[in-house]
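One structure is given below, encoded as structure tokens.
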Amino acid sequence: DTEVTQTPKHLVMGMTNKKSLKCEQHMGHRAMYWYKQKAKKPPELMFVYSYEKLSINESVPSRFSPECPNSSLLNLHLHALQPEDSALYLCASSQRTSGYPPEQFFGPGTRLTVL
Amino acid sequence: SQQGEEDPQALSIQEGENATMNCSYKTSINNLQWYRQNSGRGLVHLILIRSNEREKHSGRLRVTLDTSKKSSSLLITASRAADTASYFCATDVSGTYKYIFGTGTRLKVLA
């Protein structure tokens, strides 16, 4: 299985809602990532988990809360978002190696709209 | 910003022609990767070139890397309508598992 899955595909939420995005991979990868992508822009890194521990947080506002319950799952909890947070949220995974950083495998993304 | 720059921003060619896109970056790297993204979907990894390599081929793709100029190019030969997508380069931040994506090139291949 060389696939990264993300649910839901689309999400519409109000500014007072609490919702979660889910990402799953069964490739045995021990590094997992969340990216945010606005239209016609490149993906911007939000968080990196390595061996289920948060290793990089790119100064993301606390209304985004990541969680890695086990080596296959990555969640992104959303609370009190702003309309400017509307974007495509991409999850990715990669092997952990002692050498060069390897290629990432991306999920199809969750299209988030904040009203 | 560490973000890389790609040019051109957009490219429109006829099917069968070659497409070349360029990427420049700012910091030292271990490797450089190219990804394709079809409209509004996830990214697909195309090719990885290490900092000690100068050229790499994969099918119709040819990637070059010039670390002295901090630049890379992606050549797609004999393009097809299915190659229509956005193409991004990505560089690692040395010593971390952080990736920085370039601004992207939107390629349109006309049938």
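Values quoted throughout were computed directly from the atomic coordinates according to the rules given, and no laboratory measurement underlies them. This structure is a prediction, so every number in the text was calculated from the model and none was measured. Here the Cβ is made from the backbone with ideal geometry for all residues, glycine too, and neighbour counts use every protein chain on show.
Please compute the net charge surrounding B:ASN18, taking Lys and Arg as +1 and Asp and Glu as -1 over other residues with Cβ under 14 Å from its Cβ.
Result for the local shell: 0.
Among B:THR77, B:THR84, B:THR91, what is the fewest-to-most ranking by other Cβ atoms within 10 Å?
Fewest-to-most Cβ neighbours within 10 Å comes out as B:THR77, B:THR84, B:THR91.
Obtain the nm distance between the two label points defined at B:ARG60 and A:LYS40 by a simple spin-label model: each point lies 7 Å from its Cα along the Cα-to-C-beta direction.
2.6 nm
Could you list, bin by bin from short to long, the percent of Cα-Cα pairs of region A:34-98 in 5 Å steps?
4, 15, 28, 26, 16, 8, 3, 1, 0
What number does the protein assembly as shown give for Rg over Rh if you use C-alpha atoms and the Kirkwood radius?
Details: Rg = 17.5 Å, Rh = 18.1 Å.
Ratio of gyration radius to Kirkwood radius: 0.97.
Please report, in Å, the Rg and the Dmax of chain A, where both are computed over Cα atoms only.
Both quantities, over Cα of chain A: 13.6, 44 Å.
Just to confirm the filter: which chymotrypsin sites (Phe, Trp or Tyr not before Pro) across region A:14-115 are DSSP coil and have at most 14 other Cβ within 10 angstrom of their Cβ?
Sites meeting the loop and neighbour criteria: A:TYR51.
Find, among the trypsin sites (Lys or Arg not before Pro) in region B:53-111, those assigned to loop by DSSP (not H, G, I, E, B) with at most 12 other beta-carbon atoms within 10 angstrom.
Those satisfying the criteria are B:ARG54, B:LYS69, B:ARG80.
Would you mind telling me the antiparallel percentage of the DSSP bridges in the protein assembly as shown, rounded to 5?
Of those bridges, close to 90 percent are antiparallel.
Beyond 16 Å, what percent of the Cα pairs of region B:5-110 remain?
54 percent
Which of B:TYR35, B:TYR87, B:TYR97 moves the most in a Gaussian network model of chain B with Cα springs under 10 Å?
Judging by the Gaussian network model, the answer is B:TYR97.
Between region B:19-58 and region A:6-20, how far is it from one alpha carbon centroid to the other, in angstrom?
32 Å
Whole Å is fine, so just give me how far the alpha carbon centre of region A:43-106 lies from that of region B:84-106.
16 Å
Arrange A:VAL12, B:VAL109, A:VAL60 by Cβ neighbour counts within 10 Å, fewest through most, would you?
A:VAL12, A:VAL60, B:VAL109
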